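Engineer: The following block contains the structure, expressed as structure tokens.
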Amino acid sequence: MKTNVGCPDRMIRIVAGIALIALAASGSVGVWGWIGVLPLLSGLVRVCPAYSLLGIDTGGSCRGKRCATKR
């Protein structure tokens, strides 16, 4: 599967996902905080189904940088 999530986007997704999950686990936010699993997973696997549907690819922003993986 072709990746479509770039480095800056990936880092934002992972941090936001962890923050939402932590807030949900601590009871600060309701059950909706568990939606943080979605950005966390899409950041870890570098594939966003919504981006695929919309034809968006932010992966070009990290080609050749350290966080890029071989394609």
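The values are calculated or read from the model by the stated rules, or taken from the named source; none is laboratory data. The shown structure was predicted, so the numbers you read here are calculated from the model rather than taken from an experiment. Every residue, glycine as well, gets a Cβ built from its backbone with ideal geometry; the counts of neighbours run over all protein chains shown.
Engineer: For V15, are the conditions met, namely being at pLDDT 90 or above and assigned to a loop (DSSP other than H, G, I, E, B)?
Structural biologist: No, not satisfied.
Engineer: Which of the residues belonging to region 22-59 are touching a Leu at 6+ places or on another chain (Cβ under 7 Å) and among the aliphatic types (A, V, I, L, M)?
Structural biologist: V29, I35
Engineer: Any chance you could count how many residues in region 1-26 are surrounded by fewer than 17 Cβ atoms within 10 Å (Cβ to Cβ) and either of a type outside the set (V, I, T) or more than 13 Å from the chain's Cα centre (by Cα) (or both)?
Structural biologist: 10
Engineer: Name every residue in region 27-71 that is loosely packed, with under 12 Cβ neighbours inside 10 Å and either in a loop (DSSP other than H, G, I, E, B) or modelled with pLDDT of 95 or more (or both), in order of residue number.
Structural biologist: Once the filter is applied, which keeps residues that are loosely packed, with under 12 Cβ neighbours inside 10 Å and either in a loop (DSSP other than H, G, I, E, B) or modelled with pLDDT of 95 or more (or both), region 27-71 yields G27, S28, G30, G55, R63, G64, K65, R66, C67, T69, K70, R71.
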